[in-house]
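Chemist: One structure, pasted below without further comment.
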Amino acid sequence: MPELPEVETVRRTLNMLITGKKIDRVTVNLPRILQKPDDPQLFAARLEGRTFQSVERRGKFLRLVMDGLVLVSHLRMEGRYGLFDKDTPTEIHTHVIFHFTDGTELRYKDVRQFGTMHLFLPNEELQAPPLNKLGLEPLEEGFTLESFRRALGKRSTKIKPLLLNQEIVVGLGNIYVDEALHMAGIHPETSANELKRKEQELLHLAIVKTLSAAVEAGGSSIKSYVNGQGEMGFFQHSLRAYGRTGEPCLTCGSLIEKSVVGGRGTHICPKCQKAPRNVTKGVMTSTQRNNAVKRRLDGLEQ
C-alpha cells in the first residue's frame, strides 16, 4: 500500500499535470470505487464542467480540489493515476476516467479494486469520514515533540501497531515504521508507555527524517508503485531494515531478523533494537541464520 512518501509524490506530480484542466465528462467503469455519492451517474454529473485547482494530501489520502468540490481519493493497495492523451489505448483495470476539454484524460487504474473516492463540498471533507479522525501530520509544523508525546499518551500498546494507527500519526505504514524504529534503536514490541523521554525524542526525529528522505527520493517502489508520470521511486535503495532479512545491519553488522508484530511482517536488528524483557529474543533459527549467511556469501562470490 502506498504510504505517505508515495502519496505525497503522487500529489506533487498530479499538481503539475492536472491543475487548471477542466472536466468535460467522467466515465465510471467500476461503480464500487465510488463511496460518496455511490451513484455513477450522479458522481459524473457533479464533476462535469469542474476545473482542478490543486492537489493536496491528508495522511494517505489525496484531496483533489476543484471549483466547488473536493474529491477525496485513497489509492489503497495498487491504485494509481496517470495522465494520457485521449487516443492512447486504455489499459485493463482502468476504472474511472476524467475526460478533459483539452483532449487529455486523467485515468484511475486499480488492479486490486480497493481504492475509494468521495466527493465533498469544500472544507466539508475535513469534518466527515474518512478524514475526520486522522491524527498528526508528521511533515507539518504541528508535529512537534510535545504533540507526539501527547498522542502516545500512556498507551500500553506495542509501539509498532500504535504507529500504524492512522488516528495517532498519519501516513506511516509498514515500511517506514520499520525504518523509523530501526533509526531510533527501538524494538517494535516495546510498549509505548515504556518509552523513555529520550527514546520518544529519537523516535520523533526518526519519523521526520525517514519520511523526509523518502519523499525526496520519490517514495519506495517495492511492488507496483509509480507516480503520476509512471516513474518509480528510489528510496527502496536506502532501506536499512525493511525487506533485508538475513542481511547485515548497516550500523552494526548483525543480521536483520524478521518476525510478526501486530499481524505485520517486521524487520529489526537484534543488536541495535534491544527486545523488551517479555519478548523472546532471536526470531531466526540457527538453520535460517546459516542459510542467510550462505546466501550472502554466494552473492558476493558471483
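The values are calculated or read from the model by the stated rules, or taken from the named source; none is laboratory data. Owing to the predicted nature of the structure, the values given are computational and were not obtained by experimental measurement. Every residue, glycine as well, gets a Cβ built from its backbone with ideal geometry; the counts of neighbours run over all protein chains shown.
Chemist: Can you name the condition, by its number, that Tyr225 falls short on among (1) assigned to a loop (DSSP other than H, G, I, E, B); (2) of a type outside the set (Lys, Arg); (3) at pLDDT 95 or above?
Modeler: (3)
Chemist: Could you run through the stretch 42-71 and say how many residues are under 24 Å from Asp102 (Cβ atoms) and either touching a Gly at 6+ places or on another chain (Cβ under 8 Å) or not in a loop (DSSP other than H, G, I, E, B) (or both)?
Modeler: 19
Chemist: Suppose we filter Asp67, Asp38, Asp87 for residues that are among the charged types (D, E, K, R) and either in contact with a Phe, Trp or Tyr (Cβ under 8 Å, 6 or more places away or on another chain) or more than 23 Å from Pro130 (Cα to Cα) (or both); which single one remains?
Modeler: Among Asp67, Asp38, Asp87, only Asp87 is among the charged types (D, E, K, R) and either in contact with a Phe, Trp or Tyr (Cβ under 8 Å, 6 or more places away or on another chain) or more than 23 Å from Pro130 (Cα to Cα) (or both).
Chemist: Would you confirm, using the coordinates I've provided, whether Val65 is touching a helix residue (DSSP H, G or I) at 6+ places or on another chain (Cβ under 7 Å), within 21 Å of Glu105 (Cβ to Cβ) and either hydroxyl-bearing (Ser, Thr, Tyr) or assigned by TED's automatic domain parsing to the domain that holds Ile97 (or both)?
Modeler: Against the criterion (touching a helix residue (DSSP H, G or I) at 6+ places or on another chain (Cβ under 7 Å), within 21 Å of Glu105 (Cβ to Cβ) and either hydroxyl-bearing (Ser, Thr, Tyr) or assigned by TED's automatic domain parsing to the domain that holds Ile97 (or both)), Val65 does not qualify.
Chemist: Filter the stretch 237-268 down to the residues that are outside any loop (DSSP other than H, G, I, E, B) and surrounded by fewer than 18 Cβ atoms within 10 Å (Cβ to Cβ), then identify the one that is farthest from the chain's Cα centre (by Cα).
Modeler: Across the stretch 237-268, the extreme among qualifying residues is Pro248.
Chemist: Something else about it: Looking only at the stretch 23-41, count how many residues are basic (Lys, Arg) and surrounded by 15 or more Cβ atoms within 10 Å (Cβ to Cβ).
Modeler: Of all residues in the stretch 23-41, those basic (Lys, Arg) come to 25, 32, 36.
Keeping just the survivors that are surrounded by 15 or more Cβ atoms within 10 Å (Cβ to Cβ) gives 36.
The number of residues fulfilling the criteria is 1.
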